[in-house]
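K.L.:
Sharing a structure here in structure tokens format.
Taken together, the values in this text are just the output of simple stated rules run on the coordinates, not laboratory data. Nothing here was measured: the structure is a model prediction, and the numbers come from that model. Positions of Cβ are generated from backbone atoms using ideal geometry, with glycine treated the same way; all protein chains shown enter the neighbour counts.
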Amino acid sequence: MSADGGMMLVFRLGGVGFVLSVEQLIEVRETARGWLDTSQADVTAGVAGHIPHRGQVVPLRNLARRLGISGDTAFGEVLHLLVLVGADGPWCIAVDRVEGVFSAHDFILLETPSLPFVEDLWPFSQFAIYHGEPLLFVDPLDLEWRWRMA
Amino acid sequence: MRLALFVAAERNFAVSIERIVHIIARPTTYRLPLLKRCFSAVFLDGQEMIPLLELQFGTAVGSASGLVIVCDSDFGKVGIPAERVLRVVDQSSGDLDDCVEEPMFYAETDLCFNYAGKRYPLLNVDAALCRFRTAPGNSPD
């Protein structure tokens, strides 16, 4: 099934490709790591710290850690942030790089099979095929909910 | 029952041909996060995402040449890496006995097929996937 209309953002984290609908994206931005306030970090909730954003403070969740991607990926001196729509307000993730924004018609959305993955930890119900590559489809609301249930 | 005989990581093994969907040239593989321990990566076969069975040792996975045997299992399709197909034979052309060889995949090989003076551990994909179905893989710390 081809994805519905609209645009999709592709990003990389730890060598893995991800995609999300731009309708669930508030902003792509860069910020110096020094702006990350870790005084209220909450590892169990996946919150690495908080970032000032448009006059408020939003949580930064560590997607790499959530997925068991090792190393310091996405947490260099400059943070490449995706600010996402959340249930109670914006939240963000840090990524290695944004590849671009593309027409949703170029993606084929499919259900992710359960067999390959550790089921109780797996947070992606769909993946997209883009230029022959499987990209993990990020639904920020679903991901946020699973984080809270963890 | 007919058996297909293969080589991977310089070791022989056998798979029941009834389980084989097809054999493809080595596809591009993707090391996605949170894979179960018995899998090394996934690949696309058409629009299907299929896990690739991990070798316990050896270097067949990721080698430039080689094949992937796409098999049906009770849990879904799974890919098995191989370097080459040796032949397809009828089980009656050899005999089966208990397998004492160290498993080459994260998979069960209870039986061994003896054929033309060589031993071929018979891969039981269902048992392998049942065994590892709930085992944590590279889970986050």
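K.L.:
Taking the Cβ of A:VAL98 as the center, what net charge do the other residues with Cβ under 13 Å away carry, scoring Lys and Arg +1 and Asp and Glu -1?
P.N.:
Here the count lands on -1.
K.L.:
What does the structure give for B:39-51 when I average, per residue, the other chain Cβ atoms found within 10 Å of the residue Cβ?
P.N.:
Mean inter-chain Cβ contacts per residue within 10 Å come to 3.
K.L.:
Within 10 Å of each Cβ in peptide A:118-128, how many partner chain Cβ atoms are there on average? Round it to a whole number, please.
P.N.:
Shielding by partners across A:118-128 averages 4.
K.L.:
Determine the distance separating the Cα centre of segment A:40-60 from the Cα centre of segment B:1-61; give it in Å without decimals.
P.N.:
Here the two parts' Cα centres lie 41 Å apart.
K.L.:
Compute the long axis of helix A:140-149 from its Cα atoms, compare it with the longest principal axis of the Cα atoms of chain A, and write down the angle in degrees, 0 to 90, nearest 10.
P.N.:
60
K.L.:
Mind ranking A:95-103, B:112-120, B:74-82 by how tightly packed they are, going by the mean number of other C-beta atoms within 10 angstrom, highest first?
P.N.:
Packing order, densest peptide first, comes out as B:74-82, B:112-120, A:95-103.
K.L.:
Let me check I've understood the local charge: for A:PRO123, count other residues with C-beta under 13 angstrom from its C-beta, Lys and Arg +1, Asp and Glu -1. What total comes out?
P.N.:
Within the 13 Å Cβ shell, the charges total 0.
K.L.:
Per residue of A:108-117, count partner chain C-beta atoms within 10 Å of its C-beta, then hand back the mean as an integer.
P.N.:
The mean count of partner-chain Cβ atoms within 10 Å per residue comes to 6.
K.L.:
Which value at 222 nm does the protein assembly as shown reach when only helices count, each DSSP H run of 4 or more adding -39,500 (n - 2.57), with the total divided by all residues and rounded to the nearest 500 deg cm²/dmol?
P.N.:
-2000 deg cm²/dmol
K.L.:
OK, next. In segment B:1-25, which residues have a backbone nitrogen under 14 Å from the label point lying 7 Å from B:LYS118's Cα in the Cα-to-Cβ direction?
P.N.:
Output list for this probe position: B:4-15.
K.L.:
Sticking with this one: When DSSP assigns beta bridges and you keep just the ones with both residues in the protein assembly as shown, what percent turn out antiparallel, to the nearest 5?
P.N.:
Counting DSSP beta bridges with both partners in the protein assembly as shown, the antiparallel share is about 95 percent.
K.L.:
To continue, here is another question. With each pseudo-label sitting 7 Å past Cα toward Cβ, what's the B:LEU96-A:VAL22 distance in nm, one decimal?
P.N.:
Label-label distance for B:LEU96 and A:VAL22, simple model: 5.8 nm.
K.L.:
Counting DSSP beta bridges in chain A, what percent are antiparallel, to the nearest 5?
P.N.:
Percent antiparallel among DSSP bridges in chain A is about 90.
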